[in-house]
Amino acid sequence: MRRVPVPLVLACGALLLAVSCGWGRTGEADEGRAPGAPGGVTAAAGSATSVHVMWNALPDGSGVRSYEIYRGTTKVADVPDSQHMVDVTRLRPSTMYAFTVRARDTAGRLSPPSRSVRARTPAAVAADRSAPTRPRDTAGRTVGSRAVKLSWGASRDDRGVVSYEVYQRGVKIHSVGGRQTATVITGLRPGSRYVFTVRARDAADNLSPAGARVHLTTPGRDDGRDTAPTGFTATTHRSGGAYYIDLAWDPPRTDGVVTEYRIELDGAAATSLVWGGTPPRGRAHHSFYTGTAAGEEHRVRLRARLPDGTWGGYSAERTVTTGG
């Protein structure tokens, strides 16, 4: 059973996806035709009990609503169309698994399965509390305005490294197999600054310290307008003697899943909204406390933390009056 997403509100002032490995946005599917099978599917063990599966987004006009991931004939995950990677967990150690991905469009039609890819989980390691060494000699370069290539020296571990994880300003955005010491990160923004780090993980889920930071700036320009939430509205209501501001918006269209928003009230950061579990599909809603006084005027807007770890553009600003 899919869990209903629960928003967790964190105090500001004192943030999963993963960046997608494919491109494209959905559009309207051809009438009467199911979407094609997803391509570029890969699978790599993440630990003794997990496998990281990635695929390319289907092109514009496919009308894709979601992707379904199968282990053999069993569906193990169902993710929004904006997500193109997933960690399949609760697997058995020392076991070979086969995975396929299928796309479902807005009319409910299911694509043929992708080609099958295989990954073997390593043996479980009992009482292993020794983390791998930090990846050394991390380096990177831009590959056009929307991608970078990262490389690093192999970590050492007494039982062996199973995977490497890539972080952007502390947010995990990518994962590759333990024998891989380079990768290309796509879905980035032109004219944006990035800070990447790499960490190694072993079969017992011990995570290494981060390697040296890699600072890169993609060429080009991005004014943020295409990354802002749209259809933003704000109203107020009274409950239990207090006033609340009710927000609604359409998430920005991005190559990945948006799980965090920053809400600005009267020109200052008010709260951060982090979705626990799977973010809602389609229009999002949130309410927050503003006080007990009637007749107070407030300006409010919000922006999203994008799957690449950067902040997108602000929504339009709305003005509300408590009790009005």
Looking across the stretch 234-289 at residues that are among the hydrophobic types (A, V, I, L, M, F, W, C) and assigned to a loop (DSSP other than H, G, I, E, B), the single one that is nearest to Ser82 (Cα to Cα) is Val257
Would you check if there is a residue in the stretch 214-225 being modelled with pLDDT under 85 and under 30 Å from Thr290 (Cβ atoms)? yes
Can you say whether Pro307 is on the phi < 0 side of the Ramachandran plot, surrounded by 13 or more Cβ atoms within 10 Å (Cβ to Cβ) and part of a loop (DSSP other than H, G, I, E, B), as far as the supplied structure shows? yes
Does the stretch 266-278 contain any residue that is among the aromatic types (Phe, Trp, Tyr) and modelled with pLDDT under 80? yes
Flagged pairs (Cβ under 7 angstrom, 6 or more apart or on separate chains; first in the stretch 292-314, farther than 19 Å from Thr227 by Cβ; second among the basic types (Lys, Arg)) are none
The listed residue being within 20 Å of the chain's Cα centre (by Cα), at pLDDT below 90 and at positive phi, out of Gly191, Gly187: Gly187
Criterion: under 22 Å from the mean Cα position of the chain (by Cα) and among the aliphatic types (A, V, I, L, M) - qualifying residue of Ala234, Ala248: Ala248
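Per-residue answers, yes or no, for (1) touching a Phe, Trp or Tyr at 6+ places or on another chain (Cβ under 7 Å); (2) small (Gly, Ala, Ser); (3) assigned to a strand (DSSP E or B):
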| residue | (1), (2), (3) |
| --- | --- |
| Leu150 | yes, no, yes |
| Arg156 | no, no, no |
| Ser163 | no, yes, yes |
| Lys172 | no, no, yes |
| Arg179 | no, no, no |
| Val184 | no, no, yes |
Among (1) loosely packed, with under 14 Cβ neighbours inside 10 Å; (2) closer than 30 Å to Ser151 by Cβ, where does Gly282 come up short? (2)
The stretch 191-243, residues that are surrounded by fewer than 19 Cβ atoms within 10 Å (Cβ to Cβ) and of a type in the set (D, E, K, R): Arg193, Asp205, Arg213, Arg221, Asp222, Asp223, Arg225, Asp226, Arg238
Any residue in the stretch 56-63 that is at pLDDT 85 or above and more than 30 Å from Ala269 (Cβ to Cβ)? yes
Expected single match for within 23 Å of Ser62 (Cα to Cα), in contact with a Lys or Arg (Cβ under 9 Å, 6 or more places away or on another chain) and not assigned by TED's automatic domain parsing to the domain that holds Glu68 among Arg109, Arg141, Arg104, Arg146 is Arg146
State whether one or more residues within the stretch 120-141 are modelled with pLDDT under 90, surrounded by fewer than 16 Cβ atoms within 10 Å (Cβ to Cβ) and either under 23 Å from the mean Cα position of the chain (by Cα) or more than 30 Å from Ala204 (Cα to Cα) (or both). no
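The values are calculated or read from the model by the stated rules, or taken from the named source; none is laboratory data. Values in this document were obtained by computation on a predicted structure and should not be read as measured data. Here the Cβ is made from the backbone with ideal geometry for all residues, glycine too, and neighbour counts use every protein chain on show.
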